[in-house]
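Remarks on the structure that follows.
The values are calculated or read from the model by the stated rules, or taken from the named source; none is laboratory data. Keep in mind it's a predicted model, so treat the numbers as computed, not measured. With ideal geometry, Cβ positions are generated from the backbone for all residues, glycine too; neighbour counts draw on all protein chains shown. Accessible surface is based on the protein model in full, side chains and every heavy atom, while ligands, DNA and RNA are left aside. Shrake-Rupley method; radii C 1.70, N 1.55, O 1.52, S 1.80 Å.
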Amino acid sequence: MDKSDISSLTVRDLDLFIEDRQILKNINLVIPNNKITCIVGPSGCGKSTLLKTLNRLIDDTDGVRYSGEILIGGKNILAASGPDLIELRRHIGLVPQRPCPLPMSIYENVAYGCRIHGLCKNKKQMNEVVENYLTEVGLWEEVKDRLNSPAGKLSIGQQQRLCLARSLAVRPEFILADEATSALDPVSSKIIEDLFVKLKEKYTIIMVTHTLRQALRIADHAAFIYFGEIVESGDAVKVFKNPEKDLTRKYLAGVFS
Ligand SMILES: Nc1ncnc2c1ncn2[C@@H]1O[C@H](COP(=O)(O)OP(=O)(O)OP(=O)(O)O)[C@@H](O)[C@H]1O
Ligand SMILES: [Mg+2]
């Protein structure tokens, strides 16, 4: 996939089944560029499944089948003749709920993807990449004197920022974040939130959160999903403050009360 091709993400008529159960039902969604889109909804309604479908990590699930289209820059990534999956996941990185540093040094965690994808020509370039992305996530000053120590020794909040640096270092266009702050203390959580707000200048961010207050603080765009269906999506202020659908209103009232 050519980088210049990647300009927008649209989900059309997406149905997804695991074994005999339909998990996603006729999903239609437009994700605006360089904005934060928050996906909210009750537990088990299909938020993680939807995120994992966007970079086809869902393909690893036994018994999965889907139909419909996910158009990125006009190309359907669900097509049988779709993109190379490793390349697709470079363009669409996923930050999971719990940080998952690789069992290697802080430096190697950030350098890893660049090595795999051959993005750096030499050690000097690699050093620059590591410094740039650790700086981008606000971690450089905290770790610059111990780049060779194991990533697992960092605090959980630092590990989450390291994983974000690792995702960014392969220069994705989209960042998928699945409850990326739920395992963090309030201070680390705020750091990641602020980072997302800064990063949206360069990336399109799609995040799942259970914290509606967080969604209210940082979302530009929002989608409310309920038992596999998008009930309502659009401008975040509109969806959260003045929803069109009763179901959205009830859900928000329940959570906010
Ligand atoms: N590997 C799997 N095999 C069978 N069913 C699955 C699998 N993964 C998810 N499901 C089912 O799909 C539905 C949606 O799950 P999903 O993890 O997407 O929900 P979610 O909205 O992310 O929930 P939560 O807020 O609790 O994380 C659930 O009913 C779940 O049991
Ligand atoms: Mg989930």
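Brief remarks on what is shown
- Where helices (runs of 4 or more DSSP H) fall entirely within segment 33-120, those with at least 1 residues that are within 16 Å of ligand 1 (Cβ to nearest atom) and open to solvent by 30 Å² or more (accessible area, probe 1.4 Å) are at 47-54.
- Of all the residues in segment 38-82, those that are within 13 Å of ligand 2 (Cβ to nearest atom) and either touching a Cys at 6+ places or on another chain (Cβ under 8 Å) or not polar (S, T, N, Q) (or both) number 13.
- Taking the conditions (1) part of a strand (DSSP E or B); (2) more than 19 Å from Thr204 (Cα to Cα); (3) away from ligand 2 (no atom under 16 Å from the Cβ) in turn, Leu29 satisfies each one other than (2).
- A search for C-beta distances below 6 Å between a residue of segment 118-133 that is without any contact (Cβ under 8 Å) to a residue 60 or more places away in the chain and within 24 Å of Leu195 (Cα to Cα) and any residue that is of a type in the set (Gly, Ala, Ser) and surrounded by 14 or more Cβ atoms within 10 Å (Cβ to Cβ), counting only pairs 6+ apart in sequence or on different chains, returns Met126/Ala111; Val129/Ala169; Val130/Ala111; Tyr133/Ala165; Tyr133/Ala169.
- Only one of the listed residues (Val130, Val143) is open to solvent by less than 80 Å² (accessible area, probe 1.4 Å), touching a Phe, Trp or Tyr at 6+ places or on another chain (Cβ under 6 Å) and of a type in the set (Val, Ile, Thr). That residue is Val130.
- Single residue of segment 188-220 satisfying the filter (among the small types (Gly, Ala, Ser) and more than 25 Å from Glu142 (Cα to Cα)) that is least open to solvent (accessible area, probe 1.4 Å): Ala215
- Where Asp185 falls short, out of the listed (1) touching a residue at least 40 places away in the same chain (Cβ under 8 Å); (2) in contact with a helix residue (DSSP H, G or I) (Cβ under 9 Å, 6 or more places away or on another chain); (3) open to solvent by 70 Å² or more (accessible area, probe 1.4 Å); (4) of a type in the set (D, E, K, R): (1)
- Looking at segment 122-173, the helices (runs of 4 or more DSSP H) lying wholly inside it that each contain 2 or more residues that are under 23 Å from Pro96 (Cα atoms) and among the aliphatic types (A, V, I, L, M) sit at 123-136, 156-169.
- Filter result for Ile18 (of a type in the set (A, V, I, L, M, F, W, C), within 17 Å of Ile206 (Cα to Cα), touching a residue at least 40 places away in the same chain (Cβ under 8 Å) and touching a strand residue (DSSP E or B) at 6+ places or on another chain (Cβ under 6 Å)): no
- Taking first residues from segment 73-84 that are more than 13 Å from Arg56 (Cα to Cα) and partners that are modelled with pLDDT under 90 and surrounded by fewer than 16 Cβ atoms within 10 Å (Cβ to Cβ), the Cβ contacts under 7 Å between residues at least 6 apart in sequence or on separate chains come to Gly73/Asp5; Gly73/Ser7; Gly73/Ser8; Lys75/Asp5.
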